[in-house]
Amino acid sequence: MRTATTPASLRARILAASTSTFHGDFGSRSAAFTAVVKQAHVSTTGTVSAAGIESISGDDAKVLVAATSRVTDATGANNEPRVWRLRVLTAADREVGPAAADAAAAVLSYKPDTVTADLARAHSHLTGDFATYFDKLGTDVVVPAATGRHTSSTATVTATSVVSADSGHAVALVFVSQVTTADDLNQPHHVQQFAFGTGRGR
């Protein structure tokens, strides 16, 4: 794979592809990094010649990468090759699962005495078209059911799995056990279900 970048696009790509301590450290120093690259008129093209997984443990992996960069800059470098051996540590974003679990539980849980507050709390986890849809569903369906039939719903997240995550967007699979009670139900209604959730962060 070969890529050529400008200082701004390189900064954005590094931040988008990194997490945890490195993401924070580079983010705090990226302005200085960009200034140096511009001042020295650095142009670089990187080629990954090989990559292999060294080890996998749970959601974490170590990947060995062999790469070559060709650099041209104001100090006299003229397409000079530089060989790199890298060990890249990868990990699933550990904030995604808990955040997805909190959102799913909030969206699917409410009680007759607190339904308005419950819906407001659920709305705080939502954005875009789904937030608009959820508000209408709450007004037209949930509130009348909760106040009229004393419907209560309790959702418990039994498991989560991160499908994908980068610095600005994540997708998670959430497994939920939901119990619903109401005046016209002879016994609690149990449902096992799963849902995909997406979100933006950082």
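Annotations for the structure displayed:
- Residue within the range 37-49 that is of a type in the set (D, E, K, R), modelled with pLDDT under 85, farther than 30 Å from L119 by Cα and surrounded by 14 or more Cβ atoms within 10 Å (Cβ to Cβ) present: no
- Total residues in the range 146-172, condition without any contact (Cβ under 8 Å) to a residue 40 or more places away in the chain, surrounded by fewer than 18 Cβ atoms within 10 Å (Cβ to Cβ) and not hydroxyl-bearing (S, T, Y): 7
- L89 of a type in the set (A, V, I, L, M, F, W, C) and either within 30 Å of T47 (Cα to Cα) or out of contact with any Ser or Thr (no Cβ under 7 Å at 6 or more places or on another chain) (or both): yes
- Residues of the range 135-166 satisfying the condition of being over 20 Å from R121 (Cα atoms) and touching a Ser or Thr at 6+ places or on another chain (Cβ under 7 Å): T158
- Wholly within the range 91-159, helices (runs of 4 or more DSSP H) carrying at least 1 residues that are at pLDDT below 90 and more than 18 Å from D184 (Cα to Cα): 96-108, 128-137
- For the range 111-130, the candidate set comprises residues that are more than 19 Å from the chain's Cα centre (by Cα) and aliphatic (A, V, I, L, M); within that set, the residue that is surrounded by the fewest Cβ atoms within 10 Å (Cβ to Cβ) is A117.
- Applying a threshold of 9 Å to beta carbon distances and a minimum spacing of six or more residues, or different chains, the list of pairs starting in the range 51-71 at a residue that is at pLDDT 85 or above and ending at one that is of a type in the set (F, W, Y) reads V65/W84; A66/W84; A67/W84; T68/W84; S69/W84.
- For the range 79-88, the criterion of being surrounded by fewer than 17 Cβ atoms within 10 Å (Cβ to Cβ) and either part of a helix (DSSP H, G or I) or small (G, A, S) (or both) is met by no residue.
- Residues in the range 49-73 that are more than 26 Å from the chain's Cα centre (by Cα) and in a strand (DSSP E or B): S49, A50, A66, A67, T68, S69, R70, V71, T72.
The values are calculated or read from the model by the stated rules, or taken from the named source; none is laboratory data. Predicted model only: the values in this text are computed from it and were never measured. No Cβ is skipped: glycine too gets one built from the backbone with ideal geometry, and neighbour counts run over all protein chains shown.
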